[in-house]
Amino acid sequence: MGRLKPVCPTRLLLRVLAAALVLAAAALTPIAATPASAAVAATVSVDAGRSLASIPSAAFGMNVAVYDGRMNDSPIPGLLKGAGIGAVRYPGGSFADIYHWKTNTADGGYVAPGTDFDTFMGTVRSAGAQPIIIADYGSGTPQEAADWVRYANVTKGYGAKYWEIGNEVYGNGEYGSGWEHDNHSSKSATTYATNLLQYASAMKAVDPGIKVGAVLTTPGSWPDGITGPGDSADWNHTVMSIVGSKIDFVIVHWYPGGNSPADLLTKPQAQIAGITGTLRSLINQYAGANAPNVGIAVTETNSTIDKDTHPAALFAPDDYLTWLENGAFNIDWWNLHNGSNGTSTVDGATDYNDEGVLSSASGSEPPAETPFAPYYGIQMMTKLGAPGDTLVHADSAQSLLTVHAVKRANGDVDLLFINKDPSNAYTANISYSGFTPSSAAPTVYTYAKNAASITSTTAGTATSQTIPAYSLVVVQLHPGSGGGGGTGGGTGGSGSCRVGYTKNEWSSGLTGNVTITNTGNSAINGWTLTFTFPGDTKVTDAWNATVTQSGATVTAKNVSYNGTIAAGADASFGFQGTWTSNDAVPTGFTLNGTTCTTG
């Protein structure tokens, strides 16, 4: 059963006070039914030629914790893969500063059976993801961390790239609140930074290719700006002045809260650009020539309001995508399972006050691994784009209708609309620059209020889409004749299928994920996909398909539950494999005898 993550006392007090204010306001304010109204017109512009950021491989992340006995349950790899999770953070928040990887124990803390590092890595690799690992700063040593790198990357060949040094180390008592374990006699920012250099040196002596991150306070949030005992400046300036030229990324956590769901949903646009601007200024000030190479990771984030009902589902993709658009390379939701902390009713749905995206079956929760609303919010991003695609500029004239846009590697453009208005639908009147859409009706994916699944259909046009109240909608567009395509070319109409192929590789091994999209006008009933590896990849295991291989040629056939692919819908399967000298991506795919486009 999941346990609640240790929470900063100040943050917890603010949450309690905010909740009390909301309840008091609700008691004083009469609630009237909102009459149905016609869709409100909204002007939306998309500039596909104005790139904001490429989506990194570690962009869409998730936290897991070693006190969660369900973190490696058999359905988890498929659920992570289904939500597009490409990075998984371990061993879990504040537990990281009491956790010893060799013995799978935590000083004074509960560690569930079956949550050791190797079992975790089995889950991560099966999901086609990569690990984000927190080295134990609070009760560990540089040598312990270096040994972990050696075991992970030299002994086991896991290729673990990203390593944080401690969790929320500034919560070690230096500023009066002490939720983070820290055995060091000095709790100052100077001490942390000096020790971090020792960690980085020892770890990179084992594997120079790893990336090491430093913990910073979130600009604008406590204790940012406070100078603690033993330091001459606040945490961020002190740490960066010592380690700026030696680190690979900086780490912040973002729990924006708010006094209502409506207030929460304003936070991504209101705060993230300012936070990243301040962080980038710090990096530029202290990292010198290394500044362009220093990334920003948001290794914990969550809505903190209506945590597993629809407001959190609307918040989640806006959270991820706005950070990415402003230059972060990794965002990790807190967390996979967390456990119920009491129930309430939110717009007709039960909220279990659970910061997990999947049920842990605690309290009155539904069966284990049942997705909560934020899971579907995160999953909607898989319909929008994938690592390697490009986030491009999009804007809405209506403040309650947010839009994000992605230009796919094959030239397609996809739009994600977030209608934050609980009462009104919006008709988006869309104009384009740098892209000419096809005149065919686009494929539309919708996650509606309190829904238990994502639906798909073919609806509207490239220039007019109606977005239901309080919903997430992805509109997928192919380029029309006359331009607008990108690298990879193709109009999407040269066949009845499109295949996407992604992989996560390490020395001598890989996992692959294949997505088949039906671009035709009628359902596919039963499918067989064939492709050929250019190199020496050998499939050793597969899921969601029956996969056989003859020489370099692979044949994948549907299983009983995914044989039908509706028009505009897709089906996915994955595999694990080995390779020796070349694991190049297949370039041609044939579905039921028809050549598919790729991308």
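The values are calculated or read from the model by the stated rules, or taken from the named source; none is laboratory data. Small disclaimer: the values here were computed from a predicted structure and weren't measured. FYI the Cβ positions are ideal-geometry reconstructions off the backbone, even for glycines, and counts take in every protein chain you see.
Figures for the structure shown
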| read-out | value |
| --- | --- |
| Verdict on Thr115 being assigned to a loop (DSSP other than H, G, I, E, B), β-branched (Val, Ile, Thr) and free of Cβ contacts under 8 Å to residues at least 24 places away in the same chain | no |
| Filtered residue count, region 366-376, keeping only those that are without any contact (Cβ under 8 Å) to a residue 60 or more places away in the chain and surrounded by 23 or more Cβ atoms within 10 Å (Cβ to Cβ) | 0 |
| All positions within region 179-192 that are polar (S, T, N, Q) and assigned to a helix (DSSP H, G or I) | Thr190, Thr191 |
| Residue satisfying all of: in region 311-324; of a type outside the set (A, V, I, L, M) and within 10 Å of the chain's Cα centre (by Cα); nearest to Asn293 (Cα to Cα) among these | Tyr320 |
| Check on Tyr445, closer than 25 Å to Tyr470 by Cβ, outside the structural domain of Thr517 (by TED's automatic domain parsing) and either of a type outside the set (Gly, Ala, Ser) or in contact with a Lys or Arg (Cβ under 8 Å, 6 or more places away or on another chain) (or both) | yes |
| The one condition in (1) under 21 Å from Thr443 (Cα atoms); (2) under 28 Å from the mean Cα position of the chain (by Cα); (3) surrounded by fewer than 14 Cβ atoms within 10 Å (Cβ to Cβ) that Ser508 fails to fulfil | (1) |
| From the options Tyr137, Tyr199, residue that is assigned by TED's automatic domain parsing to the domain that holds Ala287, under 28 Å from the mean Cα position of the chain (by Cα), buried (at least 19 other Cβ atoms within 10 Å of the Cβ) and not in a loop (DSSP other than H, G, I, E, B) | Tyr199 |
| Subset of region 161-178 (residues that are outside any strand (DSSP E or B) and closer than 21 Å to Thr301 by Cβ) | Lys161, Gly166, Asn167, Glu168, Val169, Tyr170, Gly171, Ser177 |
| Criterion: in contact (Cβ under 8 Å) with a residue 40 or more places away in the chain, outside any loop (DSSP other than H, G, I, E, B) and farther than 22 Å from Asn326 by Cβ - qualifying residue of Val212, Val250 | Val212 |
| Only one of Val44, Val88 that is touching a residue at least 40 places away in the same chain (Cβ under 8 Å) and outside the structural domain of Asn172 (by TED's automatic domain parsing) | Val44 |
| Check on Gly327, surrounded by fewer than 20 Cβ atoms within 10 Å (Cβ to Cβ) and under 18 Å from the mean Cα position of the chain (by Cα) | yes |
| Residue count, region 539-559 (criterion: within 17 Å of Thr587 (Cα to Cα) and exposed (fewer than 14 other Cβ atoms within 10 Å of the Cβ)) | 2 |
| Residue check, Ala145 farther than 18 Å from Gly228 by Cβ, free of Cβ contacts under 8 Å to residues at least 60 places away in the same chain and among the small types (Gly, Ala, Ser) | yes |
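Results for (1) part of a loop (DSSP other than H, G, I, E, B); (2) modelled with pLDDT of 85 or more, shown as yes or no for each residue.
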site: Arg498; (1), (2): no, yes
site: Thr502; (1), (2): no, yes
site: Thr530; (1), (2): no, yes
site: Asp536; (1), (2): yes, yes
site: Val547; (1), (2): no, yes
site: Val554; (1), (2): no, yes
site: Tyr561; (1), (2): yes, no
site: Gly568; (1), (2): yes, yes
site: Phe573; (1), (2): no, yes
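Let's see how each residue does on (1) of a type in the set (Ser, Thr, Tyr); (2) touching a Phe, Trp or Tyr at 6+ places or on another chain (Cβ under 9 Å):
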| site | (1), (2) |
| --- | --- |
| Arg280 | no, no |
| Pro292 | no, no |
| His310 | no, yes |
| Ala316 | no, yes |
| Asp319 | no, yes |
| Thr322 | yes, no |
